[in-house]
Each structure stands twice: as C-alpha cells, then as structure tokens.
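Report on one structure; see the data block that follows.
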C-alpha cells in the first residue's frame with residue numbers, strides 16, 4: 001500500500017503560509033521556564049501589539065525547568081527547529097531564555113552558557129544571533145510587583161507572591177491577563193526595573209533584579 005503523504009504535505013503548506021506571513025522586523029524566539037505564566041504574559045503582549053506569530057515564537061522549555069535546561073532547549077529549538085510546531089531551523093535573529101533565580105543550582109551555569117552562545121550562533125541568513133538569558137531574582141513575579149512597589153532590597157519569592165496578591169487579588173502562577181492587569185503601570189515598572197539594573201545584575205543575587213523589562217521593551221517596540 002502506498003504511504004499517505006498528506007500529513008507531510010499539510011505541514012509543508014502550513015510552513016509556507018507561515019513564512020509568507022512573516023513581517024520585516026526581527027524574528028524572536030522566547031523559551032521560558034514556566035509553562036503558563038511567562039508564555040501567557042508574552043503572548044498577551046504579542047497580541048496587544050499585533051506582532052506576527054510568525055515573527056515571535058513563545059514556547060515553554062520541554063527539557064525541564066532548571067535554568068540550564070531552559071537555555072539548552074532554546075539552543076536546541078533554534079538549531080534543530082521543530083516540524084511539529086512549524087518552527088524552521090535557525091529561523092530567528094534573536095533568542096531569549098527566560099528563567100528565575102529561585103533556588104536553582106544551575107542558575108549561574110545557565111547565565112554563563114547564554115553568554116557563551118550570544119553572537120556565536122548563525123541563523124538561516126548566516127547572521128550572528130543575539131542569545132540572551134532573561135533572568136529574574138528571585139522570580140518573574142518581581143517584575144509584576146514593580147508595577148506597584150519600588151523594591152530596593154532582597155525578597156524571598158514567597159514574599160513577592162504575598163505582596164503581589166495584595167495588588168492583584170487571586171493572582172496565582174499560571175494566571176492569565178497579567179499584562180492587561182498591570183499594563184497601565186508599565187512606565188513606572190520600567191523605570192523601577194532600570195534603576196535596579198543600574199545597581200544590580202543577574203549575577204548579584206540575592207539582590208532584586210529582572211531583565212524582563214528588556215524583553216518587554218523589545219516586544220513593545222519591535223514593529224517600530
């Protein structure tokens with residue numbers, strides 16, 4: 001019996017349509033530690049700013065949630081692609097691995113690997129690719145909390161969540177609408193995160209820090 005090639009043909013057609021929809025701005029791959037919270041947040045921004053899904057891919061790590069696994073999966077997905085997700089090999093100009101400090105043992109190794117990969121990989125146009133770790137100390141929620149409070153001192157992730165729930169009642173990991181809920185305070189959160197970055201970095205934990213601000217700035221200005 002002849003093999004049914006229909007599924008492969010459909011995948012080729014889907015990929016061709018996706019390529020046709022790509023816009024002229026950079027193609028960005030975002031891989032996150034969280035399976036819901038961060039993907040939901042970045043997809044909200046993608047929708048709010050009408051970014052093409054063909055240009056901005058947001059995927060949770062499928063290797064595991066340890067920071068080193070997030071970086072490794074981002075590298076693997078970039079280099080090998082995934083035909084089931086209609087992601088081509090090396091089809092991005094920028095790659096971001098999003099993870100938290102928390103108590104992860106591989107945190108500093110993940111930062112080092114991302115720094116090593118930055119500018120070393122080449123995309124399908126043979127251009128050097130930006131590869132960055134987007135770390136938060138202690139957690140992604142510190143970025144959300146900065147929309148409401150000016151944080152200056154280290155906080156445990158549980159304290160971050162406790163304070164955040166005072167401002168967003170019912171907030172839980174994986175909650176949707178985080179961007180819509182906090183968006184009106186984006187400018188002040190950006191100022192606060194930038195001030196923290198002047199004093200601290202991803203390497204100075206346990207001091208509060210988040211690079212989410214850089215990724216948000218990129219996404220909200222990508223079309224401009």
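Only one of (i) 13.8; (ii) 10.4; (iii) 16.7 was calculated from the structure for mean projected area of the Cα convex hull in nm², and its label is (i). Where both bridge residues fall in segment 24-221, DSSP classifies roughly 20% of the beta bridges as antiparallel. Simple spin-label estimate for residue 53 and residue 84 gives 1.8 nm between the two label positions (7 Å along the Cα-to-Cβ direction from each Cα). Between 0 and 90 degrees, rounded to the nearest ten: what's the tilt of helix 157-167 against the longest Cα principal axis of the chain? For helix 157-167, the angle is close to 80 degrees.
If the chain linking residue 152 and residue 195 were pulled fully straight, counting 0.36 nm for each residue of separation and taking away their Cα-Cα distance, it would gain 14.5 nm.
The fewest-to-most ranking of 201, 47, 136 by surrounding Cβ atoms within 10 Å reads 47, 201, 136.
Against the chain, whose longest principal axis is taken from its Cα atoms, helix 37-48 shows a tilt of about 70°. How far, in degrees from 0 to 90, does helix 67-80 lean away from the longest principal axis of the Cα atoms of the chain, to the nearest 10? Taking the Cα atoms of the chain, the angle to 67-80 is about 20 degrees.
We did not get these values from a lab; they are worked out from the coordinates using the rules stated. What you see is a predicted model; the values in this text were computed from it and never measured. Methodologically, a virtual Cβ is constructed for each residue, glycine included, from the backbone with ideal geometry; neighbour enumeration extends over all protein chains shown.
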